[in-house]
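In what follows, a structure is listed as structure tokens, so that the remarks can point back to it.
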Amino acid sequence: MADPVLSAIDEGVLTLTFNRPDRLNAWTDAMGRRYFDLLAEADRDPAVRVVVVTGAGRGFCAGADFEDLTAVLDGSYRREGEPDRRSVTLPATLGKPVIAAVNGACAGLGMVCALACDLVFTADEAKWTTAFARRGLIAEYGLSWILPRLIGQARAMDLLLSGRTFTGVEAYELGLVSRSVPGESLLAETAAYARELALHSSPTSMAVMKRQVRGDWNRTLEEAEAAAVRLMTESFGRPDVTEGVAAFLERRAPRFPPLPRS
């Protein structure tokens, strides 16, 4: 059987590619386990500084595989091995930045996969949909938490209640994604951006900032500022600051140490 998620690293950027193109990369348990394993390995690997997630063929991820969903409904579904307790929101918990490159169909669970990443680039022509309401389902995997924080309650309600299909261009206009580009240049632009992070941004700084952005949602401004003062003091004791300043003064690329193993 083909590997359900392909993995390739270049210049500190690990690209993970959902690899079920004949099914628009619809999600299965096997694909999920492989994806989660590769993300966990990437977080431990000092050679990996940034992760890019995309899909093979015409889709990013078209949501849960309908054959599996049908089997669940008629009671014939048989899971291989123990249930995997890890979630599609795993990228949000990693210390390293994860960028989704949405190349095509992005629906339901696939949409959660994309939006759980730290940044999302999309092809202009990619088709997006929450889909859940049109399948008799609910906003799954924390999407009811993610969407309002990205685009506001009114727009989130529109996408959830209608389950309508919209393009990557509209996803950008809504503020759902960071960048929308022609499909033929999507991977090149995403890879170039990821290499910039890998080359110029401190892995430790990026890990701390990920925690700040996620953690400050429920803090007051005063609490966030106090936490930032403490974190800034801690940063002065790390070699990253010395190297960052030296690289700037010497007009060269920084040589930041890798993110310490957790």
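Considering the chain, its Cα convex hull presents a mean projected area of 15.5 nm².
Share of region 5-198's accessible area from carbon and sulfur, percent, 1.4 Å? Please report the intermediate quantities before stating the final value.
Values: 4600 of 8720 Å².
Taking all protein chains in place, region 5-198 shows 53 percent carbon and sulfur surface.
Net charge within 13 Å of T167 by Cβ-Cβ distance, Lys/Arg positive one each and Asp/Glu negative one each, not counting T167 itself? Overall, the nearby charge balance is -2. Relative to the longest principal axis of the chain, what angle (0 to 90°, nearest 10) does the C-alpha long axis of helix 29-44 take? Taking the Cα atoms of the chain, the angle to 29-44 is about 0 degrees. Between D3 and E243, the contour length at 0.36 nm per residue exceeds the Cα-Cα span by 82.4 nm. If you fit an axis through the alpha-carbon atoms of helix 186-200 and take the longest principal axis of the Cα set of the chain, what angle between them do you get, 0 to 90°, nearest 10? Orientation of helix 186-200: about 30 degrees from the principal axis.
If you place +1 on the Cβ of every Lys and Arg and -1 on the Cβ of every Asp and Glu, how big does the dipole about the Cα centre of region 150-262 come out, in debye to the nearest 20?
Working: 14 positive and 14 negative charges, 74 e Å.
Dipole about the Cα centre, nearest 20: 360 debye.
What region 5-198 shows is 45 Å² of accessible area per residue, with the surface traced by a 1.4 Å probe over protein heavy atoms. Which residue, chosen from L159, F60, M232, occupies the Cα position most advanced towards the positive end of the dipole of the chain, where the dipole is computed from +1 (Lys, Arg) and -1 (Asp, Glu) charges on Cβ about the Cα centre? After comparing all options, I get M232. Relative to one another, the C-alpha centroids of region 81-102 and region 159-179 are positioned 22 Å apart.
Beta bridges from DSSP with both residues in region 5-198: antiparallel share about 30 percent, rounded to the nearest 5. Relative to the longest principal axis of the C-alpha atoms of the chain, give the angle of the C-alpha long axis of helix 203-215, reported between 0 and 90° and rounded to the nearest 10°. Approximately 60 degrees, to the nearest 10.
The values are calculated or read from the model by the stated rules, or taken from the named source; none is laboratory data. Remember, predicted model here, so these are calculated numbers, not experimental data. Glycine also receives a Cβ, built like all others from the backbone with ideal geometry; neighbour counts cover every protein chain displayed. When the accessible area is computed, the model is the full protein with side chains, heavy atoms only, and any ligands, DNA or RNA have been set aside. Shrake-Rupley method; radii C 1.70, N 1.55, O 1.52, S 1.80 Å.
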